[in-house]
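Take a look at the structure below.
The values are calculated or read from the model by the stated rules, or taken from the named source; none is laboratory data. Keep in mind the model is a prediction, meaning the values are calculated, not measured. A quick note on method: Cβ atoms are made from the backbone with ideal geometry, for glycine too, and the neighbour counts reach across all protein chains shown.
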Amino acid sequence: TKKFSWLRHCIQLLILAMAFKIILSIVHKDGEILNPIVIQFVVALTTALMVTRFVLDALRHRSTGNAMRMTLIVMDAVTQALTIYSLGIMQRPSDKDYYYKVWAVLLVTLRYSVKIGRPAGIALKQTPLVDLMSSFWSANILRSKAPKILKVTGWLLWSVNSLRIIYGFISSEFANDSHREDLRLLTEYMRHEHKAGGGGDGDPVTMKGYRYLVRGEAKKRKMKKNETGGQARDTGMVEETGNIRRLLLALRDEHKEILTLEKIWEEPADPADALDEELKDLCLSFALYKLLRRRFFNFGIHEAKLKRTRRLILDGILSEPCNSERAFRVSEAELSFLNDFFNSRHAIVFAKGFPFIRLLLSTILIGGIGGMAVAIYSFSKVGTRDELGNVHGGVTFTWFLLCFLFVKETWEITTYVFSDWTKIILLCQYVQKPWWLQSLVTKVLVRKLCRLSVPWLPRWHGKVGQCNLLFPSCFVFPTNLFFPEGCSRYFVHLSQEVKRAVINCLRDCLAEDPPRLDNYLERAFGKVEATAGFRANFTGAVNGVKDSVHILLVWHIATCYCEIDLAENREVSASMYWSGQDFGRRKPWEGDSDLLWSQYMIARTLSQYCAYVLTLVPPLVPGNSLMARSVLIKVRQEKSRLFNGKFDSCAPCYQSTQMLGRLKKYASEEIELYNKKVDGGKQDEENQDGKKEENLDDTILKKGADLGKKLAEAFSGDKPEDLWRFLSEFWAGFVIHLAASTRASQHKIFLSSGGELMTHLWALLTHAGILGEVQHGDQDFDTALTQEDVYDQTVQS
C-alpha cells in the first residue's frame, strides 16, 4: 500500500506541475503581466475562502446536516486551485513588488495550516510532495532581490512551514502504521481479556476484573520490536502472539505502563482531586472508543458473547437509578474520540503522546509572524516608491494575513492543550504518579487543566432532526431546495424526557435474557396492560408490514394521525402549511396532565426523528438505501395525491381538520386513490389483475391511517395519556431496534457532526455485545403491502 501511496503522490505532483505550467502560459501570454489590483484581488479572495473554510470547519460540531460537509469539500478544492493560481500570477511581478514575496510565503503557510484540520467527513490523503512543491514555488519567489529585513523573516516562516510539512508526513505515516498494529493487537487481546481479569464476571461498578486497555499497549509493542531487533517481521503471527503474552504478563505483574479501567477505578474518586467520577468516565469513553474502532475495520468483537460485557452497560453505565446523563456523557466523549480518529488530526498528533514538537513549531511560527509584522511596518516607512510597488494598502492587507495566521496557530495550540486527548494523557500520568506530579503545584495545575474545555467546540450538538411526512414544506426555505420531493426538516434539542425514555427502554431490553430488540411492540403493550383481545384488534393494522422502512412509515403516519386527532379533540386547529414545525410543539390546551404532555412530546419527537433519518442521504436505516429512498418518494406522492385533490373532484386540504377527515375516509375506503380507469376511461394495464389492484390500494399511507384510527378509538377513554405512553414506548424501542440494525459505515458518514442519536445508541449496544443483524439487498421498494400475519395473536401479556 505504501508503494501505491507514493505512486499516487507522484501522479498528483505531475498533474499539479502541468496545471501550474498551463496557468503560467495563460497569465503571461506575450509577456503580459496582470494588473496589481487583479493580483491583490485573487490573493484576497483566496485568503477569504481560507478564513471561511477555517471558521466552518471549527464550527462543524454544531452542524446537523450534510450541507456543511459538502461546502467544506468544495471550498477545500477551490482554495487549493486558487493558491496555485496565486503563486503563478505572482511569479514574475515579484521582481518589482516586494509584497508579493511575503504573500507567497504566507499563502502557502496558510494553506497548510488550515489543511491540518481535515474537512468534516473527509479523510484527506497526505500529499507531502504537493505541499513541498508549493513551498518550493514560494521559495522561488522569495529568493529574488528583496530587502534583507523581509528576506530574513520570510525565510524563517518558510523554513518552519517546510519542517511542519515534513514532520507532519513522517508522524502521519508512523501513526497510521501504529493504529493498524494496535487494532490487531487489541482485537487479539480482547479474546483473552476476561481470563486476565481472573476469569470472573467482573464488577461493572468498581470495574474490578474489567481490564480494558486505556493506554500503554503501544509501549509494550515497541519494546517487543526493540528486543527482537526487527526479526519478527517475517513471522507476523508469532509477533502478535508474543505481544499478547507480554500484555497479559504485564497485567498479571501490575506493570505501571499498562493502564486499564480496573487500575483507574482503584484510585479514589475525590471531587477535590484530579480524578473525579466524570474524569474517570472520560477514561472509560477512551477505552470504549478503542474497542469501537474494530467495527469499522471488520475486526472480531470477541467479548460480545460474554455476559460480563452486557453487565458493563446494564449494571455499570445504566445502573439504577437509570442515569441517562451519564450514558450520553460517556457516548458523547467516545464518539468525539472516534470523530477525531476519522475526521481530524488529533489521533495522529497524539499517537506518540503529547505533541511537544508540533506545538514547538507552532510557537516558533508565531514568533516569526511577530517578526514579519515588525518587518513589514519598518519596510513601509523606509521603502522607496519603486520598492513599495503599485500595491494599494499593502501593509494593511499583509497584516491581515499575519493576524489570521496568528489566530489559526493560537487556536490550534489551544485546541491541542485543552483537548480530551491531553486530559487522557494527564489522567493516566496522574494514576502512574511520576516524579513531576509529586508536588502540590503540579497537582493543582493538572486538576485545573482537566476541568477546562474549549467552549466553542462541543462534543455533540445535542439536537435531533425532525420530519413530519404528512405536512408539506411549501413555505420552508431553503430546505426544499435540497429536497425537492417536499421534505420538511428542522432540528430540536434532545430533551431530558426523551433521553430518559430511550435509556430506560434500552435498559429494559438489556435486562432480558437473551436480549431482544425486535419485540418493541410487545413491550409497548405491556406498558398499558393490554389484554390479548385488545392486542388482536391491531392485528389487521400490522399485516404485510415486513421490514423496518415499512414499519417506520406506517407507525409514523399513525402517530401523526393521533397527533391531529388529539389537537382536534382539544379544538386546536392548525394550517397544514406550518410544515409540522410549530404544530404541536407548544402545549396548546389547558386542563390536561403534565404526564400526557410529556408522553406526547416523547412519542412525537422520536416518531419524527425516525422519519428524519429516513430522509438523510444516505438514509440511516437498515437495508438498501436506494430502496428506502424509493419507498419514501412513493409515500410522498400518495400523500400529495390524497391531500392536494389530485383525484376525482376532491378539493385540496388546507387545515388539520380537513386532513383528519380525509385520512378517516381513506382508512374506511370511502376514498379510492387508484381507480381501475384512468386517462379518459382507458384500462390501466397495471390494474387489470384484481389481486394487483387490491394490493396497490392497500398501501403504507392507508395502513398508517387505519392504524392511527384504531389507536385513537382504542384509547379514547378517560386516560388519553395511555395512548401516548404506548406510542412513546413503541418509538423508544423502535429507535433502539433501528440503531442495532444499521451498519458501521452508515454511522461513519454522520460522525463529523458528533453522530446522530442512533449512533450513540449503536455504540452503547455494541459495548453490550449486541451487534445486530443487517439486511443486504432483500428490501422491498414498493409501498403496496402483502397480506402476511406478522403479529402473533397467541402472545399473552
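If the Cβ limit is 6 Å and pairs must be 6+ apart or interchain, which residue in the stretch 520-532 that is at pLDDT 85 or above pairs with which residue that is in a helix (DSSP H, G or I) and of a type in the set (Gly, Ala, Ser)?
TYR520/GLY733; ARG523/GLY733
Does any residue in the stretch 93-121 that is assigned by TED's automatic domain parsing to the domain that holds LEU163 and more than 18 Å from TRP399 (Cα to Cα) come within less than 6 Å, Cβ to Cβ, of a residue that is at pLDDT 60 or above and acidic (Asp, Glu) six or more places away or on a different chain, and which pairs are these?
Correct list of pairs: TYR112/ASP131; GLY117/ASP57; PRO119/ASP76.
In the stretch 626-646, how many residues are within 23 Å of the chain's Cα centre (by Cα) and touching a residue at least 24 places away in the same chain (Cβ under 8 Å)?
Qualifying residue count for the region: 2.
Quick one: which residue in VAL130, VAL108 is modelled with pLDDT of 85 or more and farther than 24 Å from ASN339 by Cα? Walk me through it before giving the result.
Values: VAL130 fails: modelled with pLDDT of 85 or more.
The conditions single out VAL108.
Exactly one of these conditions fails for GLY200: (1) modelled with pLDDT of 85 or more; (2) out of contact with any Phe, Trp or Tyr (no Cβ under 9 Å at 6 or more places or on another chain). Give me its number.
(1)
Return yes or no: is GLY367 small (Gly, Ala, Ser) and either modelled with pLDDT of 90 or more or buried (at least 17 other Cβ atoms within 10 Å of the Cβ) (or both)?
Yes; evaluated as a whole, the condition is true for this residue.
Given the condition outside any helix (DSSP H, G or I) and more than 31 Å from the chain's Cα centre (by Cα), answer yes or no: does some residue in the stretch 370-383 qualify? Give the steps one after another, and end with the answer.
From the stretch 370-383, those outside any helix (DSSP H, G or I) are 383; that's our starting set.
Still in the running and more than 31 Å from the chain's Cα centre (by Cα): 383.
Checking the stretch 370-383: at least one residue is outside any helix (DSSP H, G or I) and more than 31 Å from the chain's Cα centre (by Cα).
Given the conditions (1) assigned to a helix (DSSP H, G or I); (2) of a type outside the set (Phe, Trp, Tyr); (3) modelled with pLDDT under 90; (4) crowded, with 17+ Cβ neighbours inside 10 Å, and given that ASN226 satisfies all but one, which numbered condition is not satisfied?
(4)
Quick test for you: out of LEU437, LEU452, LEU445, pick the one residue that is of a type in the set (A, V, I, L, M, F, W, C) and closer than 30 Å to GLU497 by Cα.
Checking each option against the conditions leaves just LEU452.
Report, by residue number, each residue of the stretch 746-782 that is closer than 21 Å to LEU626 by Cα, assigned to a loop (DSSP other than H, G, I, E, B) and modelled with pLDDT of 90 or more.
GLU756
Might you let me know whether the stretch 542-549 holds any residue that is surrounded by 18 or more Cβ atoms within 10 Å (Cβ to Cβ), modelled with pLDDT of 90 or more and not in a loop (DSSP other than H, G, I, E, B)?
Checked the stretch 542-549: at least one residue is surrounded by 18 or more Cβ atoms within 10 Å (Cβ to Cβ), modelled with pLDDT of 90 or more and not in a loop (DSSP other than H, G, I, E, B).
Of THR396, THR422, THR415, which residue is surrounded by fewer than 16 Cβ atoms within 10 Å (Cβ to Cβ) and of a type in the set (Val, Ile, Thr)?
Working: THR422 fails: surrounded by fewer than 16 Cβ atoms within 10 Å (Cβ to Cβ); THR415 fails: surrounded by fewer than 16 Cβ atoms within 10 Å (Cβ to Cβ).
Residue meeting the stated conditions: THR396.
The rows are residues; the columns are (1) surrounded by fewer than 19 Cβ atoms within 10 Å (Cβ to Cβ); (2) touching a residue at least 40 places away in the same chain (Cβ under 8 Å).
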| site | (1), (2) |
| --- | --- |
| ILE149 | yes, yes |
| VAL152 | yes, yes |
| SER162 | no, no |
| ILE165 | no, yes |
| GLY168 | no, yes |
| PHE174 | yes, yes |
| ARG184 | yes, yes |
| GLU193 | no, yes |
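Where the second residue is surrounded by fewer than 20 Cβ atoms within 10 Å (Cβ to Cβ) and of a type in the set (Val, Ile, Thr) and the first is in a helix (DSSP H, G or I) and lies in the stretch 341-359, which pairs have Cβ atoms under 8 Å and are six or more apart or on separate chains?
Pairs found: ASN343/ILE122; LEU359/ILE413; LEU359/VAL417.
Output the number of the condition that VAL492 fails; it satisfies all remaining conditions of (1) at pLDDT 90 or above; (2) in a helix (DSSP H, G or I).
(2)
Any chance the stretch 283-304 includes a residue that's farther than 23 Å from GLY462 by Cα, outside any loop (DSSP other than H, G, I, E, B) and without any contact (Cβ under 8 Å) to a residue 60 or more places away in the chain?
Within the stretch 283-304, not a single residue is farther than 23 Å from GLY462 by Cα, outside any loop (DSSP other than H, G, I, E, B) and without any contact (Cβ under 8 Å) to a residue 60 or more places away in the chain.
If only one of GLY591, GLY661, GLY623, GLY645 is modelled with pLDDT of 75 or more and either more than 23 Å from GLY465 (Cα to Cα) or not assigned by TED's automatic domain parsing to the domain that holds ASN468 (or both), which one is it?
Exactly one of GLY591, GLY661, GLY623, GLY645 is modelled with pLDDT of 75 or more and either more than 23 Å from GLY465 (Cα to Cα) or not assigned by TED's automatic domain parsing to the domain that holds ASN468 (or both), namely GLY661.
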